[in-house]
Amino acid sequence: MANPYSSLKIFHHRDALDKIRRDEQFAPFYIRLKPTNICNHHCSYCTYGSGDTHNKTDNRNNIRHTDMIPREKMREIINDMGDMGVKAVTFSGGGEPLTYPHIVEAVNMMKERSIDLSLITNGQLLDGERAEAFYNAKWLRVSFDSPNPSEYAALRGISESSFHKVVANIENFARKKEPDCVLGVNFVVGKANSLWGGAVRGAVPWHIARKRSGGCLLCG
């Protein structure tokens with residue numbers, strides 16, 4: 001299979017490149033959408049973390065942590081994207097996309113408009129109908145900064161029970177997702193977790209952190 005993460009994939013969109021060269025306006029074929037600033041984790045390196053953690057980012061206090069796209073505005077955005085011919089959307093942060101109360105409705109609307117989907121998530125809410133909505137996504141990436149429960153909890157300002165919940169959610173999603181949905185993990189390396197960095201070499205490309213069987217390396 002061709003590498004879908006190649007830096008050369010822009011050349012697949014020759015028509016778009018020609019329009020750029022001619023200084024023509026055209027709709028984007030890919031959009032990264034941040035539906036909410038709300039997050040259930042409080043990572044010290046993240047602007048959107050709401051916790052008063054040590055070494056928090058300088059601009060954290062300037063973020064309105066409860067902001068989110070209103071339901072009707074989201075519906076309007078999705079309809080506009082469909083009318084413009086947008087091909088793909090990634091839900092990401094900002095905050096944690098799965099805290100967005102209208103996420104399942106938004107995903108279903110995009111599917112009706114034949115928009116390909118992907119998700120970047122911390123994985124704690126990747127269960128039930130939220131997980132099911134993404135079983136046939138193009139890809140899904142879980143931010144997972146340590147394989148050690150206590151270190152993971154300290155890095156993210158949450159309880160150790162959240163670590164086990166995330167692992168269970170990843171394992172369950174790996175079993176139930178469609179074969180073409182690429183599941184992987186993302187590892188942000190810092191001083192606190194650098195000992196684990198050797199295992200992932202800074203940040204193993206998440207798209208290879210999976211098994212051909214459709215499972216995930218994290219789940220064994």
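Bear in mind these aren't lab numbers, they're just calculated from the coordinates by the rules spelled out. Please read these numbers as outputs of a predicted model, since none were measured by experiment. When we count neighbours, we look across all protein chains shown, and the Cβ atoms used for this are built from the backbone with ideal geometry, even at glycine.
Go through the range 153-166 and count every residue that is surrounded by fewer than 20 Cβ atoms within 10 Å (Cβ to Cβ) and touching a helix residue (DSSP H, G or I) at 6+ places or on another chain (Cβ under 9 Å).
Going through the range 153-166 one residue at a time, the tally reaches 7.
Among the residues of the range 118-152, write down those that are buried (at least 17 other Cβ atoms within 10 Å of the Cβ) and either at positive phi or more than 15 Å from the chain's Cα centre (by Cα) (or both).
Those that are buried (at least 17 other Cβ atoms within 10 Å of the Cβ) and either at positive phi or more than 15 Å from the chain's Cα centre (by Cα) (or both): GLY123, SER146, GLU151, TYR152.
State whether the residues of the range 173-188 include one that is in a helix (DSSP H, G or I), under 22 Å from CYS46 (Cβ atoms) and either within 15 Å of the chain's Cα centre (by Cα) or of a type in the set (D, E, K, R) (or both).
So far as the range 173-188 goes, no, none of its residues is in a helix (DSSP H, G or I), under 22 Å from CYS46 (Cβ atoms) and either within 15 Å of the chain's Cα centre (by Cα) or of a type in the set (D, E, K, R) (or both).
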